[in-house]
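Notes follow the structure.
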Amino acid sequence: MAFKHIDVTLSGSTRVTATNTPIQQFILHNPTGNASVTIGDSNLSATSYGILVAAGANSPPIGPFSASAPLSLSEVYVRGTDAQLVHISYVTH
């Protein structure tokens, strides 16, 4: 296991990464000064999402997922304002 983080610049609905990255858990931080963002899957839209993260807030921890059935970070999408930056911390398997 390893703890890692990435910064993601949004463009409408943005896939966190195209690389298959099996993870155990992740948290998204939406810095103060940003608009709210939403987290979901490839069907993410302005009206259909899984988690709403206000500006200046963190998402709840998402996971943990087991090593036998991990979530890939490539399956996670974030929707926000174009050019908005979010920070994602995650634990790999």
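Here are a few things to note about the model shown:
- Stretch gain in nm, segment Thr9-Ser36, where the contour uses 0.36 nm per residue and the Cα spacing is subtracted: 8.3 nm
- Ala57 versus Asp82: modelled label distance in nm, points set 7 Å from Cα along the beta carbon direction: 2.7
- Computed over the alpha carbons of region 1-45, Rg followed by Dmax gives 11.8, 33 Å.
- When each of the peptides 65-73, 34-42 is scored by how many other beta carbons lie within 10 Å of its residues on average, the order from highest to lowest is 34-42, 65-73.
- Remark: relative contact order (the chain) = 53 percent; criterion is Cα-Cα distance under 8 angstrom and separation of 6 or more residues.
Each reported figure results from applying straightforward, stated rules to the coordinates on display, with no laboratory input. For clarity, every value in this text was computed on a predicted model and none was experimentally measured. Cβ atoms come from the backbone with ideal geometry, glycine included; neighbour counts cover every protein chain shown.
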